[in-house]
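The values are calculated or read from the model by the stated rules, or taken from the named source; none is laboratory data. These figures come from a predicted structure and were not determined experimentally. Ideal geometry is used to build each Cβ from the backbone, glycine not excepted, and the neighbour counts take in all protein chains shown.
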Amino acid sequence: MLDILERLCAIPGVSGWEDAVCEEIIRLIKGHCEYETDALGNLIAYKKGRQKPGNTVLFSAHMDEVGLIITMIEDSGLLRFAAVGGIDPRTIAGKAVELGGAKIPGVIGRKPIHLQKPDERDAAPTADKLYIDIGAKDKSEAEQHIRVGGRAVFSSKFRRVGEGKIIGRAFDDRAGCAVLIDLIQSELAHDCVFSFTVQEETGCTGARTAAYRVKPDIAIAVETTTAADIEGVPVDKKFCELGKGPVISFMDKGTVYDRGLYDKALDIAKTRGIPCQVKRGVAGGNESRSLQTAGGGSRVMAVSLPCRYLHTPSNMLCTSDLANTRALLFALAEELL
């Protein structure tokens, strides 16, 4: 799964621009299942198991990542941008980026500190005070490489660090995609459906159309969630931790999860000895809200990987959490059907 994740994270895929990610996933699942794409760009895979299930179960992960979209090209050749998805501007000044399919290199800049007024130095930078510099001498040269509406992603290398940890870009939610790809490449007990969705970061749009098409009885969002297990965070705000297994949610800002599925997942994890943790708080949200309400509705749950520094240029995951998330989902594919 690490090799799959590294391959996926090397591909730019800001919301609304997931085509290349989708093409790579098709290469990885081809021959292991039947698949189709819809008008929005979702990839839906139908995996045959050893027997037919009593319920239609959908496992879903989104292909898109947070990033930047170009809103204006100045006469100077500098690019103004807006965030696609929730990005804290304080985390991106001075960071390298790549623009478009050609991966044009650039850097996010701001006014030099020695030219800033005292109130500017003390305040966190806002997106309108930042720009992207690709080294163009003027607007005409910049337009040879990028146009308004073009996307940019953070330029971050996939690396193994510390004891069993990895850092990189777009773990939200290429990590979920990697787990689902691994399941599709495996032999499963029952038929399952998998969706790789688009535009989660901008409103969970893709999951709604995917679920409407599949009409699942049970839908499982395979996600990442913020691990705030770092210095300076109060104990009651450390909702989950790296290295303690997949995270099961009972509620967040968009979804009240099915209590029976919540209990079932925890019971399966305990019985099979799979490390697992409950998300100790009601925060954030994911595409479960769309999976739950599409068509006639479905019972939903979320299984998430704990991830530090979400929506920044450098996410951090624990490799054991990746393996244990896969183990739990494999068990759910056996027992929920």
Within the range 181-200, the residues that are out of contact with any helix residue (DSSP H, G or I) (no Cβ under 8 Å at 6 or more places or on another chain) and either outside the structural domain of G284 (by TED's automatic domain parsing) or under 25 Å from Q292 (Cα atoms) (or both) are D191
Checked the range 279-327 for anything in contact with a Lys or Arg (Cβ under 6 Å, 6 or more places away or on another chain) and of a type outside the set (G, A, S); matches are P313, M316, C318
Inside the range 233-263, the number of residues satisfying the requirement of being modelled with pLDDT under 95 and of a type in the set (D, E) is 3
Looking across the range 83-120 at residues that are without any contact (Cβ under 8 Å) to a residue 24 or more places away in the chain and of a type in the set (A, V, I, L, M), the single one that is nearest to A152 (Cα to Cα) is I113
Expected output for the range 170-186 (first residue acidic (D, E), partner buried (at least 24 other Cβ atoms within 10 Å of the Cβ) and modelled with pLDDT of 95 or more, Cβ below 6 Å, 6+ apart or cross-chain) is D172/T224; D173/A61; D173/H62; D173/E223; D173/T224
Considering the range 161-176, residues that are of a type in the set (G, A, S) and in a loop (DSSP other than H, G, I, E, B), and then whichever is nearest to E74 (Cα to Cα), we arrive at A170
Selection over the range 278-323 where residues are among the polar types (S, T, N, Q) and buried (at least 21 other Cβ atoms within 10 Å of the Cβ) yields a count of 7
Exercise. Out of all the residues in the range 57-68, is one or more in contact with a Leu (Cβ under 9 Å, 6 or more places away or on another chain) and farther than 30 Å from Y212 by Cα?
Worked result: no
The correct count of residues that are more than 27 Å from N315 (Cα to Cα), touching a Phe, Trp or Tyr at 6+ places or on another chain (Cβ under 8 Å) and surrounded by fewer than 24 Cβ atoms within 10 Å (Cβ to Cβ) in the range 187-227 is 3
When restricted to K264, K279, K253, the only residue without any contact (Cβ under 8 Å) to a residue 60 or more places away in the chain, basic (K, R) and touching a strand residue (DSSP E or B) at 6+ places or on another chain (Cβ under 9 Å) is K279
- F59 vs. criteria out of contact with any Cys (no Cβ under 8 Å at 6 or more places or on another chain), at pLDDT 95 or above and within 30 Å of E287 (Cα to Cα): no
* Asked: Does the range 30-48 include one or more residues that are polar (S, T, N, Q), modelled with pLDDT under 95 and either outside the structural domain of T226 (by TED's automatic domain parsing) or under 30 Å from E335 (Cα atoms) (or both)?
  -> no
Of the residues in the range 56-65 that are part of a strand (DSSP E or B) and within 13 Å of the chain's Cα centre (by Cα), the one that is surrounded by the fewest Cβ atoms within 10 Å (Cβ to Cβ) is A61
Residues of the range 220-249 being assigned to a loop (DSSP other than H, G, I, E, B) and closer than 17 Å to S298 by Cβ, in sequence order, are S249
Among (1) among the β-branched types (V, I, T); (2) in a helix (DSSP H, G or I); (3) under 17 Å from the mean Cα position of the chain (by Cα), T312 falls short only on (2)
Taking the range 22-56 and keeping only residues that are under 27 Å from D321 (Cβ atoms), touching a residue at least 12 places away in the same chain (Cβ under 8 Å) and either charged (D, E, K, R) or touching a Phe, Trp or Tyr at 6+ places or on another chain (Cβ under 8 Å) (or both), one is left with C22, E24, I25, I26, I29, C33, N42, L43, I44, A45, K47
